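Below you'll find the structure, written out as structure tokens, and then a few comments.
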Amino acid sequence: MLPTALRWILYPIVVVAGLAAIALAMVAVVLSLAYPNLPSLEILTDYRPKVPLRVYTADGYLIGEFGEERRAVVSIDEVPAIMKQAILAAEDERFYQHSGVDTLGILRALQANLVSGGKRQGASTITQQVAKNFFLSSEKTYTRKLYEALLSFKIEHNLSKDQILELYINQIFLGQRAYGFAAAALTYFGKPLADLTIAEAAMLAGLPKAPSSDNPVARPKRARIRQQYVLRRMNELGFITDEQHEEALAQALVIKRDVSETPIHAQYVTEMARQIAAERFPEDVYTRGLRVYTTILKNDQEAAYDSVRRGVLDYDRRHGYRGAEAYVDISRIKSEQDEALEELLQDFTDAEDMRPAIILQATSKAIRAYRRGGEIVTLSGDGLKFAARMIDDKAPANKRLRPGAIIRVQSDDKDNWRIVQMPEVEAAFLAADPRDGAIRALVGGFDFNRSKFNHTTQAWRQPGSSFKPFIYSAALERGFTPASVVSDEPISFPATVTGSQAWEPKNYDGKYEGPMRIRRALARSKNMVSIRLLQASGVRYVQDYVTRFGFDADKHPPYLTMALGAGSATPWQMVTGYAVFANGGYLIRPYIVSQILDDKNQLLAQAAPTTAGDERLRAIDPRNAFLMDSLLRDVTIYGTGARASATLKRRDLAGKTGTTNDQVDAWFCGYQQTVVACSWIGFDQPKNLGRRETGGSAALPIWIGFMGKALKNVPETFLPAPEGIVSVAIPDRGRGPALELFYRENAPAEIEPVWPVDDSSEAVD
């Protein structure tokens, strides 16, 4: 028998050992049963994350993305060392030492929790987080923790440490729909991982703990506290020096506040690209990481956007302030910082820099208004001029600016606020390369968030006088020349001719010059001459002829009103048509998507553009294109579009203004040899644009604004004269001979041609 004292020592040891053996046996049984039933790791070894559809410019700038998750997948080799170190410091400093579960970390967390008297620290490793994110729910149960540990061991057994870390870096949720650190870098800082500073890397590394609530957009102070912790741990672990630590703490981070937007204003383009991609790949278009490359160029797109915006706002200011946008009840507001003010603004969205605000106080000299985010702005002096008449007590009650009124405010370069308003008018702009149809810039409306209706492709409007060049081109093919003399005198058509009612068209300015050469008639946009040319050429002939330029015959009925652009066309069609004149007579097809790649950089689809020079695409005689180019350049030098050449100081610009009946639509379409573009302005519900609002005053400035930037450093170029063109001296209004261009066969001594017989039906209606 053992001595009593020894029994008191050995028995507890035996009991503990027995219990431990039982426990180990139970663990072994559990492991033997559970481990084989763990899920396959195929999802990890064949990692295919949900990568959104992304749209890019031709020069590689991101302009949009579509998908539930923002994600940018990177290999471990592409992750900078400082980012890896920040992650390890924040989440798992012993990642490269443990086998999936950090026993020392667990003991340290237990000790901390016992000291603090509560459950405050966790000890999940990066491997455990990978196991949880890919295979398990977020419920906090012992069963789930057991499976998490087992999965972690399995993962560590089958994957390398770098493979595990790569999965974590790409999969972890970091707030603002951003999954993975590469996506988060773009979301919060607008830069790739490789360009992050130490301070920025630490900010991102601190996000996994509470990504939704404590990110720098939602709660910047909490995010800052977490960043400071990560920087301290990086310093303690020797990843950064004391000097680097202090510099990182002092760095002021610039956070992208509106994470939904890209720097380039191309929403209409991205929507078109999305539709094209969705049509080609409907099953997984938003998850397989498709990259759609458009044809637009970053600088051209921004130039187009700025020009459209400036043109619309200039038009709007010319027609005065219409009054308050809406009214809200502020009678129960207790102070200027009352949170209820923020709620009252929630239905009014920003339109770029045109921000909604609630008037708190209003006098004839100053207005105080609440802007989203708690900012109080004061407007006075020049900032009130535009809206001055609506501040007066005599202003209509439903328009007057008083407390509770919703207004739009805008800050200038000197941070002075002024009242502006959302315009009612719409506009569109389209620019393309006339050689192959690649769209260089597209703006489908003033504000995509207000209206997603794409006016460049969906708005069928009367082109007005911008359609006349196609009438003139047909006339050249029927024997007319730039020197042909046609009467600019009033004309009338009885009901017996029109088939409906009598028609007495007029020139826009109500003035008539009598007999005049058609070169001058096009430059001055003479309606009477255009009508007579159409009548003489044959309306049915011309209806068929304009299809050579990409127009639909049924949209341009065979009536004499076709001469004034009374049919229907879109800006897309107008650009297509004018490109024929610009490229020497070839019908190209504009396109906006050049190629689509998958996430492995494999080509899935590629455009096959038509190219000028292919005689199979020949639309009109090259001589016709050359003569029309000459006529259209005169429009921009001497005619209704003379503002173009005068402003841009170039003589290689060609184009035509367009103003429809009752000034409902205003156009300018034109080109330089390297770019063809069209601008349009009008109301969605057609109505008069206002007195003196013509193609030259409303649409042309938008075109000029774009061309001024697009043609910077581009030398003057002109179409070369094709075979069969001759120049002949002709009398020029009593001022002596001047050279004019002719088809060789149409350049007799006598200038006047024999007018062709109209081979259309007898009655024109």
Any idea which of ALA324, ALA277 is in contact with a strand residue (DSSP E or B) (Cβ under 7 Å, 6 or more places away or on another chain), among the small types (Gly, Ala, Ser) and under 24 Å from GLU424 (Cβ atoms)?
ALA324
Inspect the stretch 216-235 for any residue being outside any helix (DSSP H, G or I), among the charged types (D, E, K, R), free of Cβ contacts under 8 Å to residues at least 40 places away in the same chain and surrounded by 17 or more Cβ atoms within 10 Å (Cβ to Cβ) and give the result as yes or no.
no
Selection over the stretch 659-695 where residues are outside any loop (DSSP other than H, G, I, E, B) and either under 27 Å from the mean Cα position of the chain (by Cα) or free of Cβ contacts under 8 Å to residues at least 24 places away in the same chain (or both) yields a count of 17
Within the stretch 384-407, can one find any residue that is among the basic types (Lys, Arg), surrounded by fewer than 21 Cβ atoms within 10 Å (Cβ to Cβ) and part of a strand (DSSP E or B)?
no
Consider VAL377 carefully, then state whether it is out of contact with any helix residue (DSSP H, G or I) (no Cβ under 8 Å at 6 or more places or on another chain) and surrounded by 12 or more Cβ atoms within 10 Å (Cβ to Cβ).
yes
Go through the stretch 492-512 and count every residue that is touching a strand residue (DSSP E or B) at 6+ places or on another chain (Cβ under 9 Å), assigned to a loop (DSSP other than H, G, I, E, B) and either more than 24 Å from TRP667 (Cα to Cα) or among the polar types (S, T, N, Q) (or both).
4
Among the helices (runs of 4 or more DSSP H) contained in the stretch 259-359, which hold 1 or more residues that are farther than 27 Å from GLY175 by Cα and at pLDDT 95 or above?
267-280, 298-318
PRO463 versus (1) more than 26 Å from TRP680 (Cα to Cα); (2) in contact (Cβ under 8 Å) with a residue 12 or more places away in the chain: which is the lone unmet condition?
(1)
Looking at (1) surrounded by 22 or more Cβ atoms within 10 Å (Cβ to Cβ); (2) assigned to a loop (DSSP other than H, G, I, E, B); (3) not aromatic (Phe, Trp, Tyr), find the lone condition where THR576 falls short.
(2)
Hey, could you check the stretch 513-527 for residues that are among the charged types (D, E, K, R) and part of a loop (DSSP other than H, G, I, E, B) and say which is surrounded by the fewest Cβ atoms within 10 Å (Cβ to Cβ)?
GLU513
How many residues does the stretch 66-90 contain that are touching a Lys or Arg at 6+ places or on another chain (Cβ under 6 Å) and either at pLDDT 95 or above or among the charged types (D, E, K, R) (or both)?
2
Would you point out which residue out of ALA432, ALA428 is touching a His at 6+ places or on another chain (Cβ under 7 Å) and under 30 Å from THR717 (Cα atoms)?
ALA428
Sort out which residues of the stretch 162-183 are under 21 Å from the mean Cα position of the chain (by Cα) and either surrounded by 21 or more Cβ atoms within 10 Å (Cβ to Cβ) or charged (D, E, K, R) (or both), and write them in order of number.
ARG177, ALA178, ALA183
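The values are calculated or read from the model by the stated rules, or taken from the named source; none is laboratory data. The shown structure was predicted, so the numbers you read here are calculated from the model rather than taken from an experiment. We place every Cβ from the backbone using ideal geometry, glycine too, and count neighbours over all the protein chains shown.
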